[in-house]
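Report on the structure given below.
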Amino acid sequence: MGDWYVYILRCGDGTLYTGITDNVPRRLAMHQAGRGAKYTRGRGPLELCYQMRCGEKAAALRLEAKIKGLPRQKKLELCGSWLENS
């Protein structure tokens with residue numbers, strides 16, 4: 001049982017996609033190759049704009065649901081603060 005992450009991608013059309021994974025670089029590569037989520041296909045280029053380590057998968061799923069429920073502006077604030085600190 002490895003560490004799980006919640007991540008946000010900024011799509012080329014300006015939309016945001018939130019997901020979970022246990023390997024962020026691999027998952028980003030899948031999205032960029034068109035083998036990730038259906039939503040991100042054809043919406044490139046894709047930019048990783050947020051990630052947070054959550055530990056267990058259940059915790060990542062809970063955080064993903066919370067982030068998906070946030071207004072767009074709050075998601076953008078998460079992305080901005082993460083990019084400033086990385």
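The values are calculated or read from the model by the stated rules, or taken from the named source; none is laboratory data. Here the structure is a predicted model, which means the values were calculated and not measured. Quick reminder, even Gly has a Cβ in these numbers, built from the backbone with ideal geometry, and neighbours come from all protein chains shown. The accessibility values were calculated without ligands, DNA or RNA, using every heavy atom of the protein model including side chains. Shrake-Rupley method; radii C 1.70, N 1.55, O 1.52, S 1.80 Å.
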Across the chain: Cys residues that no other cysteine approaches within a C-beta distance under 4.7 Å: 11, 54
J(HN,Hα) series, region 77-86, from Karplus relation 6.51 cos²θ - 1.76 cosθ + 1.60, nearest Hz, glycine and proline x: 5, 4, 4, x, 5, 5, 5, 5, 9, 9
Residues whose placed amide H lies under 5 Å from that of residue 4, excluding near-sequence neighbours: 54, 55, 56
Hydrodynamic radius (Kirkwood) for the chain, which is based on Cα pairs only, to one decimal in Å: 12.9 Å
Unit charges at the beta carbon, dipole of region 1-66: most positive-side option, 51, 5, 30: 30
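Sort the following peptides by mean Cβ neighbour count (other Cβ atoms within 10 Å, averaged over residues), highest first: 13-19, 41-47.
On the way: 13-19: 15.1, 41-47: 13.4.
In descending order of packing, they fall as 13-19, 41-47.
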Cα-projected label distance for residue 83 with residue 35, points at 7 Å along beta-carbon direction, nm: 2.8 nm
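Could you rank the peptides 67-73, 56-62, 27-33 by their average count of other C-beta atoms within 10 Å per residue, with the highest value first? List each step's numbers first, then the result.
Numbers: 67-73: 11.7, 56-62: 14.7, 27-33: 16.6.
Going from most to least packed, we get 27-33, 56-62, 67-73.
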Residue list for region 2-23, given a label point 7 angstrom along the Cα-to-Cβ vector of residue 66 and an amide N cut-off under 19 Å: 3-9, 17-22
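Placing unit charges on C-beta atoms (Lys and Arg positive, Asp and Glu negative, everything else neutral), compute the dipole magnitude of the chain about its Cα centre in debye, rounded to 20. Numbers along the way, then the final one.
Values: 15 positive and 8 negative charges, 69 e Å.
Magnitude of the dipole: close to 340 debye.
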Theoretical ellipticity at 222 nm over the chain - DSSP helices of four or more residues, -39500 (n - 2.57) apiece, nearest 500: -12500 deg cm²/dmol
Among 73, 20, 42 - extreme Cα towards positive end, dipole of the chain, charges at beta-carbon: 42
Normalised contact order of the chain, rounded percent, pairs of Cα under 8 Å and 6 or more residues apart: 35 percent
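How many percent of the accessible area of the chain is carbon or sulfur, using a 1.4 Å probe?
52 percent
Using the heavy atoms of the protein chains alone and a 1.4 angstrom probe, what is the accessible area of the chain per residue in square angstrom?
It amounts to 61 Å² per residue over the chain.
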